[in-house]
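Below is one structure; the comments refer to it alone.
Just so it is clear, none of the values below were taken in a lab; they were calculated from the coordinates. The shown structure was predicted, so the numbers you read here are calculated from the model rather than taken from an experiment. Please note: Cβ atoms are built from the backbone with ideal geometry, for glycine as well, and neighbour counts cover all protein chains shown.
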Amino acid sequence: MMIFDEIAGMMIGDSCPTKIMGVINLSGESFYKGSVASGDEVVERASIMIEEGADIIDVGARSTAPGVRQISVQDERERLIPALKGVLELGVPISVDTQYSEIAEVALDMGAWIINDVSGLKTDPKMADTISDFNVPVILMASKVKPGDCLTFPEIVSSLVDSIALADGKGISKIIIDPGIGRWVEEKTYEYNLDIINGLERLRVLGKPILVAISRKSFIGDILGVPEPCDRLAGTLACTAIAVYKGAHIVRTHDIKETRDLIRTARATRGGKIVAEKGDYRVINIDYLKSPEDSVELMRSLDVTEMGIKIMSGKTVSRVILIKNVTAPEALIIKQEMLARGGDAAIPMGTMSGEIKRVDIIIMGTILQINELIKKLKMQSFNLPVISSLIRDVLEKERDVKYLYR
């Protein structure tokens, strides 16, 4: 699946340069005081960002950082409107970061191009109607009850599917998705955020441009032991490079100049998607499925039946696993059982003749085939039940973020 769309007059997608969204906060409560601007500073800072390479300016008047004092919709409006008047004249698309339809309506009526809703249209039931009425793009962040409260990829994808359905139901066709990186809720520790960045390409199954907002967030401070956001630039750039390499189409950042060349380099390193075309036929290599769950939305987009998805999802992802120091009889049984399930096992020469007593082997197959092997070995002789348990542990550890990022 290739991702490509025209949004706010810009071409965004796999074959396009990664876009830069500059962040301007109007809220003194924001976690990074260096991003806060007011009065004439707003236009001045936005102008500098544009000169440095920002493609979009995102303006927000309400801090969504955990634990900050919440303001009223009226206060948000009073902060936003004066600032918005100036930046709308700068000649680039302006995004407004708000969860409330009342704010969105005023901003869009003034000429804002995009609404960035960190609740994924779930805070204000009227928000989808407002965006639809103005026929503008929306950025949807993964959220269930609170903004950014999704921890795992299945939760992120499920919440985004719900938000996309809300948007589609109102005729909103221009959609950007945001996985919600950051410690939005207490339990979303740095391990979950690293897993989102490391697996960002898994969101491609939704077929929408992907935005990441990493800039100077607290999870970077947790990793580096750096409490102050002003000292988190290096960590931000490292995570941003990985996110772009993994497929981010838009980067939301406070630091335009420092991010610009990094993004271009990371994007170039990523290379292009593999596609072959002739006549009406098009073949695309799908290289972003990391878990059987990742294939579900992809198959739904092709109108595969739910029963078909249930049967086939375990066949969409393969693993190659090294098993060390097994006995020759154990190796031969494992190979036989893998072959019986359509997989295979590579074993050393001399295993069958008994010349070698202990061997290292490689099993290869789909997740479904390997899970069936686990069940079968559990009931076998020798130490095959122990090997079964170890293979199961390896597959489970793949999904354990606390183990992966320990």
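When only DSSP loop residues count, what GluC sites (Glu not before Pro) in the stretch 180-271 have their Cβ near at most 15 other Cβ atoms within 10 Å?
GLU186, GLU187
Working from the alpha-carbon coordinates of the stretch 314-354, get Rg over Rh, Rh being the Kirkwood radius.
1.00
Taking the Cα centre of the chain as origin and charging only Cβ (+1 Lys, Arg; -1 Asp, Glu), how large is the dipole, in debye to the nearest 20?
1640
Starting from the Cα-Cα distance between ASP168 and THR189, subtract it from 0.36 nm times their residue separation and give me the gain in nm to one decimal.
Difference between extended and current length: 4.4 nm.
Could you tell me which of the pairs LYS85/LYS126; LYS290/LYS376; LYS19/LYS402 are separated by over 28 angstrom between their Cα atoms in the structure shown?
The answer is LYS19/LYS402.
Please work out whether the stretch 317-404 counts as rounded, prolate or oblate from its C-alpha gyration tensor, where a ≥ b ≥ c are the square roots of the eigenvalues and a/c under 1.5 means rounded, while otherwise a/b larger than b/c means prolate and anything else oblate?
prolate
Within 10 Å, count the other beta carbons around each residue, average over each peptide in 248-254, 296-302, and list them highest first.
The most tightly packed comes first, giving 248-254, 296-302.
Separation of the stretch 328-406 and the stretch 128-182 by C-alpha centroid, Å?
A separation of 41 Å, based on Cα centres.
Cross-link partners among aspartates and glutamates for LYS174, C-alpha distance below 15 Å, same-chain residues fewer than 8 apart left out?
The reachable aspartates and glutamates, counting only those whose Cα sits under 15 Å from LYS174, are ASP5, GLU6, ASP117, ASP129, ASP133.
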